[in-house]
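Report on the following structure.
The values are calculated or read from the model by the stated rules, or taken from the named source; none is laboratory data. Just so you know, these numbers come straight off a predicted model, no measurement behind them. Positions of Cβ are backbone-derived with ideal geometry, glycine not excepted, and every protein chain shown enters the neighbour counts. For accessibility, only protein heavy atoms count, side chains too; no ligands or nucleic acids. Shrake-Rupley method; radii C 1.70, N 1.55, O 1.52, S 1.80 Å.
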Amino acid sequence: MQAQRKIGEVILDLRNISLAFGGVKALTDISFDVREHEIRAIIGPNGAGKSSMLNVINGVYRPQQGEIVYRGQHRKDMNTYAAAKSGIARTFQNIALFKGMSVLDNIMTGRNLKIQTNFLLQALYWGPAQREELAHRRKVEEIIDFLEIQHIRKTPVSRLPYGLQKRVELGRALAAEPEILLLDEPMAGMNVEEKQDMCRFILDVNDQFGTTIVLIEHDMGVVMDISDRVVVLDYGRKIGDGTPEEVRSNQDVINAYLGVAH
Ligand SMILES: Nc1ncnc2c1ncn2[C@@H]1O[C@H](COP(=O)(O)OP(=O)(O)OP(=O)(O)O)[C@@H](O)[C@H]1O
Ligand SMILES: [Mg+2]
């Protein structure tokens, strides 16, 4: 299923990244790269540093050491604004949505960086602002159709079951039309059917929009099924990196992670 997709050049290269919180070494000398259009998984036991790695990529955390090369640009660290502006969007391990707001309005917040017209102009020239607003709404409606959530578009997020909230969060990230989508355990806590739906959406995003995906996931069936390459972390160190088959037969990975049931 993944074979027809054209995986491109390296677009994101993490080099020797180290990150510590006081005495806790969350990441130690981690290097790996992400190629355009691929689905790259990050796996490993609890506390291995997976979420910290995503936080480094989108500038929430600043690594003490290392370098991030994104689209050929070398940086010591990212910041969240620059990351978002340059096409990196993400979802969070704990859902980050405005619970009292509707599905539609939550997804609309994902367009924030794309909104050109400023407040004053909106007040002075109703015309252009209105045109822009309509264009954003159209895009959001496209995402709502794509994620098959038309029936809940006006529903406050707090009233939705967990699985659908996760889907709305994906929608919010997609609204930014990202080049790279970082997904932190998008299927955690879901039942089998919800997981299947989420898998299908991730594959469709990758396939139809060409979006590069970096995915943290504990469900090994899902990881082995949908990812092109997998990086394995354990206690903040990289212990494996390769295709799902390579990682599955790596003895260090089996000892640290795959040996236990997931
Ligand atoms: N903001 C922080 N302050 C202090 N320590 C932190 C912070 N964020 C992460 N850590 C620590 O860094 C280590 C890695 O945490 P991280 O959340 O990245 O792991 P993870 O692989 O995502 O785990 P899980 O599978 O449980 O989500 C842990 O020891 C964690 O306690
Ligand atoms: Mg985590």
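Figures for the structure shown
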quantity	calculated
Modelled FRET efficiency - R0 22 Å, LEU134 with SER158, Cβ distances, 0.05 increments	0.20
Within a Gaussian network of the chain (alpha carbon springs, distance under 10 Å), most fluctuating of ALA82, ALA41, ALA176	ALA82
Most mobile listed residue (GLN208, GLN65, GLN93) in the chain, GNM with C-alpha springs under 10 Å	GLN208
Whole-percent carbon and sulfur share, accessible surface of the chain, 1.4 Å	51 percent
Alpha-carbon radius of gyration plus Dmax, which is the widest Cα pair, for the chain in Å	19.0, 66
The range 36-82: proportion of alpha-carbon pairs further apart than 14 angstrom, %	56 percent
DSSP bridge orientation in the chain - percent antiparallel, rounded to nearest 5	55 percent
Using a Förster distance of 45 Å, the FRET efficiency for TYR235-MET101 (Cβ separation, nearest 0.05)	0.70
Gaussian network model of the chain, springs between alpha carbon atoms under 10 Å - residue of GLY59, GLY22, GLY236 with greatest fluctuation	GLY22
Length released on extending from THR243 to VAL60, taking residue separation times 0.36 nm less the Cα-Cα span	63.1 nm
For the chain: accessible area per residue (Å², 1.4 Å)	49 Å²
Antiparallel %, DSSP beta bridges [both residues in the range 121-241], to 5	45 percent
Cα centroid of the range 88-104 to Cα centroid of the range 129-199, whole Å	9 Å
